[in-house]
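**Q** Please see the structure below; I have some questions.
Every number here is computed from the coordinates shown, using simple stated rules; none is lab data. Values in this document were obtained by computation on a predicted structure and should not be read as measured data. When we count neighbours, we look across all protein chains shown, and the Cβ atoms used for this are built from the backbone with ideal geometry, even at glycine.
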Amino acid sequence: MTKKELRSIYLEKRNLLTQEKNELISNQIKQQLFGSFIFDRQKISLFLPIKNKNELDTYGIWNDLVYSNCEVYVPRWNQESNTLTHYLFTDKVQLSINQYGIPEPITGQIIANKLLDVVLIPLLTFDKFGYRVGYGKGVYDRFLKECNENTLFIGLSQFDSVEIISDLDDFDIPLHYCITPNNVYQFEK
């Protein structure tokens with residue numbers, strides 16, 4: 001299937017999740033993540049959930065990462081350049097909601113993308129090769145290209161993988177891992 005077809009299907013699947021089901025899925029993914037990886041004093045990029053898109057709730061992950069002495073950075077999207085700048089996230093007070101419903105930092109220490117150790121990546125779906133479908137603007141692929149070669153890319157998905165995304169582009173960057181409520185997928189480099 002194409003990205004456009006998959007995007008439509010998985011946006012609808014996500015919209016059908018009840019708040020209770022999404023909370024359960026969010027907790028299951030958090031348990032899978034911390035059961036599979038040890039985070040200690042790392043610099044980690046974490047997306048915050050867009051509530052009106054029924055995204056995975058990542059605030060529990062943020063809390064556990066901070067407890068693990070990690071520095072957690074959240075992105076702010078520059079719409080003109082279609083780029084992400086990451087800010088140290090210490091408190092919900094430093095957030096504002098942009099016109100698309102994305103919680104973004106308004107203050108904080110900025111980090112260069114190449115200094116991040118781990119990137120926890122939002123997505124709608126992914127395939128068995130680690131390629132993801134997002135909202136279609138290519139923002140995360142541009143950002144991932146700026147990370148260093150040792151940065152770990154971990155997708156967080158409410159649903160299991162599809163077989164294949166049929167219309168990949170040269171700029172698509174694959175994940176190293178993807179966490180779902182019931183599985184941890186690892187992909188070849």
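**Q** Summing Lys, Arg as +1 and Asp, Glu as -1, what charge do residues with Cβ under 10 Å from the Cβ of GLN158 carry, GLN158 excluded?
**A** Values: positive: LYS13, ARG14, LYS21; negative: GLU55, ASP160.
That works out to +1.
**Q** Pairs LYS21/LYS137; LYS13/LYS51; LYS30/LYS51; LYS13/LYS114; LYS3/LYS51; LYS43/LYS145: which exceed 26 Å Cα-Cα?
**A** Where the Cα-Cα span goes over 26 Å, the pairs concerned are LYS21/LYS137; LYS13/LYS114.
**Q** Same structure again: Going by how many other beta carbons lie within 10 Å of each one, how would you line up GLU71, GLU12, fewest first?
**A** GLU12, GLU71
**Q** Something else now. How far apart, in nanometres, would the label points at PHE37 and LYS4 be if each is projected 7 angstrom from Cα along the Cα-to-Cβ direction?
**A** 3.3 nm
**Q** Apply 1/(1 + (r/R0)^6) to the Cβ-Cβ distance of LYS145 and LEU24, taking R0 = 22 Å, and write down the FRET efficiency to the nearest 0.05.
**A** Efficiency, rounded to the nearest 0.05: 0.05.
**Q** Using each residue's phi in the range 36-49, evaluate 6.51 cos²θ - 1.76 cosθ + 1.60 at θ = phi - 60° and report the 3J(HN,Hα) Karplus result to the nearest Hz, with x for Gly and Pro.
**A** Residue by residue, the range 36-49 yields 10, 10, 9, 10, 8, 6, 9, 9, 10, 8, 9, 7, 9, x Hz.
**Q** Can you tally the net charge around LEU115? Count Lys and Arg as +1, Asp and Glu as -1, for every other residue whose Cβ sits under 12 Å from the Cβ of LEU115.
**A** -1
**Q** State, as an integer percentage, the relative contact order of the chain based on alpha-carbon contacts under 8 Å between residues 6 or more apart. Walk me through the numbers before you get to the answer.
**A** Values: 361 pairs, mean separation 44.3, N = 189.
Answer for the chain is 23 percent.
**Q** I want to verify a result. In a Gaussian network model of the chain, Cα cutoff 10 Å, which of these has the top mean-square fluctuation: ILE25, ILE121, ILE38?
**A** Looking only at ILE25, ILE121, ILE38, the biggest GNM fluctuation is shown by ILE38.
**Q** What percentage of all Cα-Cα pairs in the range 1-64 are separated by more than 20 Å?
**A** Of all Cα-Cα distances in the range 1-64, 39 percent exceed 20 Å.
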